[in-house]
Amino acid sequence: MSHDMSDDKLPAHGAAHGHGETAVADNPFADPGLPAHLPRRTDIDERAANRAERQVSLLFVLSMLATVGFIASYVSIDPDKIVYIFPLGHVSALNFALGMTLGVALFCIGAGAVHWARTLMSDVEHPAERHPIEADDEVRADVIEQFKTGAAESGFGRRKMIRNTLIGSMALVPLSGVVLLRDLGPLPEKKLINTGWEEATPATPIRLVNMNTNEPLKAEDIVVGSLTFAKPGPSALRPAGLQESDEDFQQAIAKDALMLIRIQPEDIKDDKSRNLGFEGVLAYSKICTHVGCPISLYEQQTHHALCPCHQSTFDLSDGARVIFGPAGHPLPQLKITTDASGYLIATEDFAEPVGPSFWERRA
Amino acid sequence: MSSATGNKQAAAPASTRAKPANKAEAAADYLDGRLGIYSLAKANLRKIFPDHWSFMLGEICLYTFIIIILTGVYLTLFFKPSMGEVVYNGSYAPLDGIRMSEAYASTLNISFEVRGGLLIRQIHHWAAIVFVAAMFVHMMRVFFTGAFRKPREINWIFGFLLLFLGFFDGFLGYSLPDDLLSGTGIRFMEGAILAVPLVGTYLSFFLFGGEFPGTDIVPRFFTIHVLLIPGVMLGLLVAHLILVFYHKHTQWAGPGKTEKNVVGMPLMPVYMAKAGGFFFLVFGIVAAMSAVASVNPVWAYGPYRPDQVSTDAQPDWYMGFAEGLIRVMPGWEIRAWGHTLNLGVFIPLMLFPLVLVAIAVYPFIESWITGDKREHHILDRPRNAPVRTALGAAWISLYLVLLSGGGNDLIATHFHLSLNDITYFVRVGSFVVPVVVFFVTKRWCLGLQRRDKEKVLHGRETGVIKRLPHGEFIEVHAQLPQDKLHTLTAHEQYEPVELPAATDENGVARKVGLVTKTRAKLSESMFGEHSQIPKPTAEEHQEITSGHGHH
């Protein structure tokens, strides 16, 4: 591609620069060359120079004092002490003192050095020559020749069997490294598809337990306009129900968390959703179907639930249909009913996986 | 006798080097004999660097990187990268008795019990924020002045990789404390990985060592954050700096400055003092920032639980545009054949690197269009490369529009705007705003070029009003001095490449490939008559100045 590009459309290289110091009189744009150095006050006035020296030294002394202050603050200020500093408000006294003294100690060294450079060190500008990065043709030819000699001496091109087996072995050997990564984690299997509610059957139902009080929930605990968070109660696998102290609590709650609301049954627009609930009490997965943030904002008038991370909004009165935001599908709903004592129970798992979509998720 | 002397000399030949004048010279001689420091110093001790404020931006990146390494090492002395569960009973009363990971508990310990720990943590975080910001601005400086042109394209790529890795190391860093905000960020990352077709679920299980969140992610991120990525970055940084030294710094056009020289002051002493001092200035300012401004107060968020979240969850600013992409993308999902393709997450995940790569490949596209194979060491003024400048401005505007999408909830609550309206605006604005910014910037550059031409040909306005004999009032213009004239006309102007004639010398129709045609089109749009103002020529200048004098 490059061979069909000619240089004739490029500006003449250095046309404006090439004259250097010898400005041609008839070209008003010619380079007049480096301007003469203008002395600074400190270059010609010894008193100004001495003053600059004192200023630089003062900055270095200030830095020393600030370091002493840093050590004094470290030793003397209680880490728990909170002070009011205008306009910052109430801040940690130790953090403020250490930060300011360290800041001043460092800044003054920098300010001193820069002031020293600007006032007392020579500010005469010098030109230095540049050399092309590219090697000249002779060097280039020499290197290529050397490379060819080396390649010929190795016999790499001539002995095809060596070449091919070397390429083969080099291609295979990284596989060991890839294989070693296999034990980074288990295979997904059904882990994303099932939740802690999978133990629930009509014969062995699982109660819905209040997330905060650990008490089983009754339908009348869920009033219109309220938002209640729930988790699985006792089951064969977890006799005490899902507890914070369980080893796998974080993994379990990332899938099992529910939010319970109540809507007057006649206000529920989606028949399927109404049937999954119990007398208007609906149990939705709390985990957003976008990327898995927990949904925590509920608008009781409109029955809209909003994810605070990316603002996906679900209409809980309409089967948690997505009405705004980046979520791709509704929140899964858990089928609930009540047992003989009136406690809310689940008798089966969610009909679809909770949380964000993934490739193996069936529609 | 003579043979004995000969033997003695053979055993211990005298050095031909002059006797060192003092201990320091002797020490230098010792090192030179082993490391060859004199040859190294000869080329570099009085190396010339040009001076301009914008050349300090890269220094800020370097210095904040050093600050991050220093403070990061300190933090590793106290931080426990473990998701083992503990019950907190430290000095921060509001979290007393709460279950949390050791990572979070040790972060609280650093913040409340280790004296100065909070300061170092905040310096580390502030320096990271400044580091990425400085890399951005430094990259923009290089972009808008054309400093990426040959021979510096590879150094541009090194710099770009540093920015990209800086993003990720920042993200990993604020994921480590295992507080509610950082855990939410990791959850977001898991959701994004799950959206990858075919392998996403497996990637997620391998990364997390099983189901989200598991107990592996913090220790794994820790190793990547403190060892893997910083190691790679350190290598790239050293290569970046070696190339800066090797290429010698670019400089602005001006009297005495050519493509074949570099004008400035020597490394020793001026730049040792200035650059060394600047390190302390940057460090001092970051330390003072950390004294007065809180950053990432993890104790306020509480420990991470997958079923809890706080409102206004926001990543650090540099991830804000990725956050914007994910927030404004419509929730497209394709469900077929028993599989789900989550385009609503997967497209933003792909756009995120694409937006960055778009700017990274620009130097190669530009050099292909110009076909220019020469070295360039004199910087372009942004106005003299209107299309490049407009493209850069459009890219920045896209970035800012997406950033505002990432902060749509904060904008909505702070300015009492509808969140939905902001989201719709960002959806449309991502396409419209960059186009508008492109044309405005290009026109602006052309306007500035015209003003430069005007100044060169007619001189500057003196502010002196003169009445001519026939009653007309004019403002007296003064000719610019020669150094100004030179500076304003020193830039080169490309001519658009032309397609070869439709028929060759034998009258046979010539085949012109699509690539050649595209290149000619792009060249026309970059250097055609609508994209640059022909710079004044000496003849034009002479005609005006010699003819009827000032007017």
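The values are calculated or read from the model by the stated rules, or taken from the named source; none is laboratory data. Quick caveat: nothing in here was measured; it's all calculated off a predicted structure. Methodologically, a virtual Cβ is constructed for each residue, glycine included, from the backbone with ideal geometry; neighbour enumeration extends over all protein chains shown.
Against the definition (more than 14 Å from every other protein chain (Cβ to nearest Cβ), under 30 Å from residue B:97 (Cβ atoms) and modelled with pLDDT of 90 or more), how does residue A:253 come out, yes or no?
So residue A:253 fails the test.
Mind listing just one residue for me: the one in segment B:297-338 that is acidic (Asp, Glu) and either modelled with pLDDT of 90 or more or closer than 24 Å to residue A:359 by Cα (or both) and, of those, nearest to the chain's Cα centre (by Cα)? Quick ask: steps written out before the conclusion?
Here is the first cut: in segment B:297-338, the ones acidic (Asp, Glu) are B:307, B:312, B:316, B:323, B:333.
Those still in the list that are either modelled with pLDDT of 90 or more or closer than 24 Å to residue A:359 by Cα (or both) too: B:307, B:323, B:333.
On the way: B:307: 37, B:323: 19, B:333: 35 Å.
Checked segment B:297-338; the qualifying residue nearest to the chain's Cα centre (by Cα) is B:323.
Matching residues to (1) of a type in the set (Ser, Thr, Tyr); (2) out of contact with any strand residue (DSSP E or B) (no Cβ under 7 Å at 6 or more places or on another chain); (3) under 26 Å from residue B:234 (Cα atoms); (4) at pLDDT 95 or above:
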residue: B:49; (1), (2), (3), (4): no, no, yes, no
residue: B:53; (1), (2), (3), (4): no, yes, yes, no
residue: B:56; (1), (2), (3), (4): no, yes, yes, no
residue: B:61; (1), (2), (3), (4): no, yes, yes, yes
residue: B:64; (1), (2), (3), (4): yes, yes, yes, yes
residue: B:78; (1), (2), (3), (4): no, yes, yes, yes
residue: B:96; (1), (2), (3), (4): no, yes, no, no
residue: B:113; (1), (2), (3), (4): no, yes, no, no
Got at least one residue in segment B:149-157 being at pLDDT 95 or above, in contact with a His (Cβ under 8 Å, 6 or more places away or on another chain), within 14 Å of chain A (Cβ to nearest Cβ) and in a helix (DSSP H, G or I)? yes
Given (1) under 31 Å from the mean Cα position of the chain (by Cα); (2) away from chain B (no Cβ under 13 Å), where does residue A:302 come up short, assuming only one miss? (1)
For segment B:239-275, enumerate the residues that are crowded, with 21+ Cβ neighbours inside 10 Å, among the hydrophobic types (A, V, I, L, M, F, W, C) and in contact with a Pro (Cβ under 8 Å, 6 or more places away or on another chain). B:262
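Of the residues B:466, B:453, which is over 22 Å from residue B:252 (Cα atoms) and of a type outside the set (Ser, Thr, Tyr)?
Result of the check over B:466, B:453: B:466.
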First in segment A:297-312 and in contact (Cβ under 8 Å) with a residue 40 or more places away in the chain, second anywhere and of a type in the set (Gly, Ala, Ser), Cβ under 6 Å, 6 or more apart: A:298/A:305; A:300/A:225; A:303/A:317
Only one of (1) hydroxyl-bearing (Ser, Thr, Tyr); (2) part of a helix (DSSP H, G or I); (3) more than 7 Å from chain B (Cβ to nearest Cβ) does not apply to residue A:74, and that is (3)
Give me the residue from segment B:50-101 that is assigned to a strand (DSSP E or B) and not aliphatic (A, V, I, L, M) and, out of that set, nearest to residue B:284 (Cα to Cα). B:101
Selection within segment A:79-110 - more than 7 Å from every other protein chain (Cβ to nearest Cβ) and assigned to a strand (DSSP E or B): A:82, A:83, A:84, A:85, A:89, A:90, A:91
Can you tell which of B:459, B:463 is at positive phi and surrounded by 11 or more Cβ atoms within 10 Å (Cβ to Cβ)? B:459
Boolean, residue B:171 is more than 29 Å from the chain's Cα centre (by Cα), in a helix (DSSP H, G or I) and not hydroxyl-bearing (Ser, Thr, Tyr): no
Kindly evaluate residue A:318 against the criterion of being surrounded by fewer than 20 Cβ atoms within 10 Å (Cβ to Cβ) and more than 8 Å from chain B (Cβ to nearest Cβ). yes
Of (1) touching a residue at least 12 places away in the same chain (Cβ under 8 Å); (2) in the same structural domain as residue A:234 (by TED's automatic domain parsing), residue A:203 fails just (1)
Can you tell me which residues in segment A:324-340 are at pLDDT 90 or above, part of a loop (DSSP other than H, G, I, E, B) and more than 16 Å from residue A:290 (Cα to Cα)? A:335
Taking segment B:499-520 on its own, how many of its residues are surrounded by 10 or more Cβ atoms within 10 Å (Cβ to Cβ), farther than 14 Å from residue B:369 by Cα and not β-branched (Val, Ile, Thr)? 4
Counting only residues that are crowded, with 21+ Cβ neighbours inside 10 Å and under 21 Å from residue A:331 (Cα atoms), segment A:232-251 contains a total of 2
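Mind checking whether some residue in segment B:276-296 is more than 26 Å from residue A:107 (Cα to Cα), over 22 Å from the mean Cα position of the chain (by Cα) and either more than 7 Å from chain A (Cβ to nearest Cβ) or surrounded by fewer than 20 Cβ atoms within 10 Å (Cβ to Cβ) (or both)?
We begin by selecting, within segment B:276-296, every residue more than 26 Å from residue A:107 (Cα to Cα); these are none.
No, the conditions are met nowhere in segment B:276-296.
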Just to be sure I understand the filter: pairs with C-beta atoms under 7 Å, separated by 6 or more residues or on different chains, first member in segment B:231-253 and over 19 Å from residue B:139 (Cβ atoms), second member assigned to a helix (DSSP H, G or I). Which pairs pass? B:245/B:44; B:253/B:487
Which of the following residues is hydroxyl-bearing (Ser, Thr, Tyr), within 9 Å of chain B (Cβ to nearest Cβ) and in contact (Cβ under 8 Å) with a residue 40 or more places away in the chain: A:289, A:338, A:347? A:289
In segment B:254-280, residues that are in contact (Cβ under 8 Å) with a residue 40 or more places away in the chain and in a strand (DSSP E or B) total 5
The number of residues in segment A:114-123 that are at the interface with another protein chain (Cβ under 7 Å from one of its Cβ atoms) and touching a residue at least 24 places away in the same chain (Cβ under 8 Å) is 2
Test residue B:321 against the criterion of being in contact with a Gly (Cβ under 7 Å, 6 or more places away or on another chain), part of a helix (DSSP H, G or I), more than 9 Å from chain A (Cβ to nearest Cβ) and at negative phi, and give yes or no. yes
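Mind listing just one residue for me: the one in segment B:297-312 that is among the β-branched types (Val, Ile, Thr) and under 21 Å from residue B:214 (Cα atoms) and, of those, nearest to the other protein chains (Cβ to nearest Cβ)?
Filtering segment B:297-312 down to residues among the β-branched types (Val, Ile, Thr) leaves B:298, B:309, B:311.
From what's left, under 21 Å from residue B:214 (Cα atoms): B:298, B:309.
Working: B:298: 14, B:309: 5 Å.
Ranking the qualifying residues of segment B:297-312, first place goes to B:309.
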Pick out the one residue from A:312, A:357 that is closer than 22 Å to residue B:200 by Cβ, outside the structural domain of residue A:282 (by TED's automatic domain parsing) and at pLDDT 90 or above. A:357
Would you kindly identify the helices (runs of 4 or more DSSP H) lying entirely within segment B:175-237 that contain at least 1 residues that are crowded, with 18+ Cβ neighbours inside 10 Å, facing another protein chain (nearest Cβ under 10 Å) and at pLDDT below 95? B:180-194, B:200-208
